[in-house]
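> What follows is a structure written as structure tokens; I'll ask about it next.
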Amino acid sequence: MGIRDLLLEVARTYDASEGTRSEVVGQRVLREVASRTDLPLPSGLFAEGHGGQTSAAATPWIGVFDPEINSSAVKGVYLAYIFSADLQTVSLTLQQGITHLEYRLGKGKARQEHLRRKAARLRRAAAIQRRNGWVDEPELRHEAARPKAYEAASVIARIYDVADLPEEASLESDLVYAADALKRTSTADRLWWFEDTNGRLELNYPPDDHMLHQEDPLAGFQPKDSSDYIANIAAKQQIKRRRHEELISEFGLHIAACGFRPTTRLKHPRDLVLHRQDEEQGMGDEWLVEAKVVRDGNPTEAVRHAVGQLLEYSHFLYSEKGLPEPHLIGLFTEDVGVYSSYLERRGIASIWQTRSEWDGSPSAKKWGMIA
């Protein structure tokens, strides 16, 4: 079964009036999305269906996530197929998370206005080349707070009539386009947030380049607390635990305790830059860190991407500007095996997470970054 068949099945079986019980057919179809292996998703992405928890969702949806960017819809950006309340249309939309704004902005117009301002800025920041047929917002045809927030949170959207869905190949092409837009948009979303009071562009990092707080040296990333995620979607614990931003956050705590000062502010597109704490700002050696998630126990793709980015950044952001080249580090979610020596021979240290600590290559040990 492909994307088209799944969307048609949801439209045919979903009925919000039937509630969220496990025996409800439409709810079962959505819940089984996470375990399906027949969906032609772009490489590395996974999908989850949502029809509500205590009460049925007015607008059921299927989230599509890149775990290197985001593994839940609470905050950050992700993709979603969202059905209109009358199930006559379904929209593929590049969405912003809305739940994390409830405490600060509530569920009404203030949140919607904030989301629309940010969506507009994200479109400009990501320089998305609009395809024919794509719009800014979907039309969900319901006045409840959540559907209205989904509309406002959309960066771009492709609206399909359920009665006239495109062929599978066209749907897959649109999804690939949306996944590419997600990657570009996530960079801006990860680094920036926008004040809802005066529209000023703010970097989502501490206010200076000095030592980040010892108890949370990467507070600016503010990765989602995994406890709610584990409690509600236990099947995805592994993906959440190894997500890109959490890897950087946990490494920041570790490396600060080792006597290094981790910095993220104004370092885009670099993941992380390190200096020794006992050296003045801007003085001494610099370490450039590129973080990668190892998927399915195979480090090949993660290593390739890390090497390419480290060498590219070292050349264009340092050598070409007449700056001393930094030491290079590939940071991984798990042991990269034989690639560790491969990286060492090319002047790149490697560090990876173990169950309870950190391990790595000889260079990382020499620098005092691991025991």
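The values are calculated or read from the model by the stated rules, or taken from the named source; none is laboratory data. Treat the numbers as computed from the prediction; the structure is a model and nothing was measured. All Cβ positions, glycine included, derive from the backbone under ideal geometry; neighbour counts span all protein chains shown. Side chains included, ligands, DNA and RNA excluded: accessible areas come from the protein's heavy atoms. Shrake-Rupley method; radii C 1.70, N 1.55, O 1.52, S 1.80 Å.
> Rounded, prolate or oblate: which one fits the stretch 248-371, using the alpha carbon gyration tensor with axes a ≥ b ≥ c (rounded when a/c is under 1.5, else prolate when a/b beats b/c, else oblate)?
Judged from the Cα gyration tensor, the stretch 248-371 comes out oblate (a/c at least 1.5, b/c at or above a/b).
> Answer rounded, prolate or oblate for the stretch 40-86, using the Cα gyration tensor with square roots of eigenvalues a ≥ b ≥ c: rounded when a/c is under 1.5, else prolate when a/b is larger than b/c, else oblate.
Here the stretch 40-86 falls in the prolate category.
> Modelling each spin label as a point 7 Å along the Cα-to-Cβ direction, I'd like the ASP86/LEU8 distance in nm, to one decimal.
2.2 nm
> Can you run phi through the Karplus equation (6.51, -1.76, 1.60; θ = phi - 60°) for the stretch 317-331 and list ³J(HN,Hα) in whole Hz, with x for Gly and Pro?
Per residue, the Karplus-derived 3J(HN,Hα) values read 8, 10, 4, 5, 9, x, 9, x, 5, x, 5, 10, 9, x, 10 Hz.
> Let me ask something else about it. Between GLU301 and GLU325, what's the calculated FRET efficiency when r is the beta-carbon distance and R0 is 45 Å? Round to 0.05.
It comes out at approximately 0.95.
> Mind grabbing the accessible area of LYS75 for me, 1.4 Å probe, Å², rounded to tens?
60 Å²
> May I ask you to derive the relative contact order of the stretch 314-371, considering only C-alpha pairs under 8 Å and at least 6 residues apart, and to give it as an integer percent?
It comes to 25 percent, rounded to a whole number.
> Say R0 is 41 Å: what FRET efficiency, to the nearest 0.05, do THR37 and TYR103 get from their beta-carbon distance?
Efficiency for this residue pair is about 0.65.
> Given the Cα-Cα distance of VAL176 and ALA120 and 0.36 nm per residue of separation, how much length would full extension add, in nm?
18.0 nm
> Next question. Suppose R0 equals 22 Å; then what is the FRET efficiency for ALA110 and ARG146 from their Cβ-Cβ distance, rounded to the nearest 0.05?
0.90
> Would you check the accessible area of ARG261, probe 1.4 Å, heavy atoms only, in square angstrom rounded to 10?
10 Å²
> Applying the Karplus parametrisation 6.51 cos²θ - 1.76 cosθ + 1.60 with θ = phi - 60° to the phi angles of the stretch 59-66, what ³J(HN,Hα) value in whole Hz is obtained for each residue in order, glycine and proline being reported as x?
So the J values, rounded to whole Hz, are 10, x, 8, 10, x, 10, 10, 9.
> Note down the accessible area of TYR81, probe 1.4 Å, to the nearest 10 Å².
Accessible area of TYR81: about 10 Å².
> How many nm is it between the label spots at SER22 and MET283, if each spot is 7 Å from the Cα in line with the beta carbon?
6.5 nm
> Additional query: Rounded, prolate or oblate: which fits the stretch 1-123, taking a ≥ b ≥ c as square roots of the Cα gyration tensor eigenvalues, rounded meaning a/c under 1.5, else prolate when a/b beats b/c?
oblate
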